[in-house]
Every structure is written in structure tokens, then in C-alpha cells.
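Notes follow the structure.
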């Protein structure tokens with residue numbers, strides 16, 4: 001189903017093939033709105049169901065009427081879709097109460113499908129709090145660095161970027177420390193994400209020890225303080 005409001009110019013707006021997302025993927029409060037407008041991912045990560053449930057062929061959902069000036073997209077991997085820039089430009093053209101809308105990709109961006117054109121589209125269309133996931137091994141560091149450079153080139157600052165690091169999984173504690181050290185060099189924040197959707201303080205050891213989990217959380221907290229403030233705010 002294609003909404004009437006999208007029929008005027010399909011070359012500059014995303015083509016849609018399914019009704020709206022439901023439940024937690026389509027809700028709002030007084031300040032924000034949550035939507036999901038695409039499904040599917042080609043990566044087949046063993047800790048994620050998206051590619052297994054939806055396959056590698058992208059599925060596009062109808063875009064609900066936007067009613068808030070801050071919208072969070074719950075898409076798992078919007079950046080890889082061929083329509084990505086088209087969708088970003090369409091969203092950026094929308095207004096609520098004659099005011100522009102700011103956006104956020106909650107699940108982050110996939111560095112494997114990033115380039116300058118997509119980075120520029122994110123920036124031009126007011127996407128905030130940019131995150132990229134470094135889920136696998138440290139050999140991906142050059143690709144991560146290239147993605148960060150493209151985001152810098154598009155106009156994002158170091159404080160606007162965060163690297164997701166999956167913890168308590170098959171990537172070792174020591175390898176994650178190495179990733180954290182590189183994020184110090186690049187000057188970007190880190191979000192320590194725990195396997196099996198565990199959230200602090202209720203994290204149970206799976207592939208790491210409880211001591212490693214607590215240690216990494218402390219180190220990430222200190223790292224983000226230094227990135228955010230430039231100094232250690234806890235030093236007296």
C-alpha cells in the first residue's frame with residue numbers, strides 16, 4: 001500500500017510495500033515519536049534475529065504521519081537499504097507545526113554500508129546521536145576508522161558519535177579493551193552493550209567473568225567522561 005501523500009513524486013520518496021509497524025515500533029509520548037519503516041539485514045549476526053526473520057531482501061513499511069519534532073527510528077539496519085538516502089531525504093523534508101524534525105537511529109548505522117553520501121544525508125536531514133556498531137573482531141578497525149572519518153567529513157563532531165561494543169559475548173574482554181583504546185585515539189564515545197539484551201545492574205556472566213563485566217563498565221564510564229568533558233570530572 002502506498003499512501004496518497006507519497007504518490008506525487010516516487011523518485012524522491014521511498015517506495016513502500018507493507019502497512020505501518022505496530023506496538024513499540026509505532027508509538028509516541030508528549031515529546032517524541034517512535035517509528036519503524038524498514039525490515040531486513042544481510043549480515044546474519046548470530047546474536048540478532050533481524051536477518052533470520054526477514055531475510056536479506058529489504059522490506060519497506062508505510063511511514064506514519066509524523067506528529068512530533070523528535071522522531072526515533074527503530075529500524076535495525078536502515079543504512080544498508082538501497083532506498084536509504086531517499087528515505088533520509090524524505091524524512092528531512094517533513095515538518096510538524098511548521099518546525100523541522102530531528103531524528104535518531106536508535107539501532108545505529110552499519111559501517112559496512114556507509115559512505116560520504118549517506119553520512120552527508122544523515123547530517124543534512126538532522127540525524128542526531130550517531131552510533132555505529134563494532135560487534136566483531138579488532139581486524140575491522142580500519143573500516144570503523146574510515147566510517148568515522150566520513151562522518152567527520154560530513155560535519156559531525158567527535159562528541160556526536162558513539163561506538164557500540166558488544167560485551168559478555170564471544171569477543172574477548174581483552175579485544176574489547178583494545179577497541180576502547182582505539183576509541184580513545186579517535187576521540188569518540190563508547191556504549192557497552194551486553195549480550196542477550198542484559199541491562200546493568202542485572203548482567204549475568206556468559207562469556208565474560210563478573211569481574212571483567214564490572215571492570216569494562218568502569219573503564220567505559222571513565223572514557224566517556226574524558227571524551228565529554230576533556231578532563232576527569234571526578235578528580236579533586
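The values are calculated or read from the model by the stated rules, or taken from the named source; none is laboratory data. Keep in mind it's a predicted model, so treat the numbers as computed, not measured. Methodologically, a virtual Cβ is constructed for each residue, glycine included, from the backbone with ideal geometry; neighbour enumeration extends over all protein chains shown.
Below are the figures for this structure:
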| quantity | calculated |
| --- | --- |
| Residue that is over 30 Å from residue 100 (Cα atoms), free of Cβ contacts under 8 Å to residues at least 40 places away in the same chain and in a strand (DSSP E or B), where the choices are 192, 181, 232, 175 | 192 |
| Among (1) at positive phi; (2) assigned by TED's automatic domain parsing to the domain that holds residue 193; (3) out of contact with any helix residue (DSSP H, G or I) (no Cβ under 9 Å at 6 or more places or on another chain), the one test that residue 164 misses | (1) |
| Residue list for the stretch 144-156, restricted to those being under 28 Å from residue 199 (Cα atoms) and surrounded by fewer than 19 Cβ atoms within 10 Å (Cβ to Cβ) | 145 |
| Unique residue being in a helix (DSSP H, G or I) and in contact (Cβ under 8 Å) with a residue 24 or more places away in the chain when the list is 147, 107 | 147 |
| Given (1) closer than 30 Å to residue 125 by Cβ; (2) modelled with pLDDT under 95; (3) over 16 Å from the mean Cα position of the chain (by Cα), index of the condition residue 149 fails | (2) |
| Of all residues making up the stretch 81-104, the number that are in a loop (DSSP other than H, G, I, E, B), crowded, with 19+ Cβ neighbours inside 10 Å and without any contact (Cβ under 8 Å) to a residue 40 or more places away in the chain | 1 |
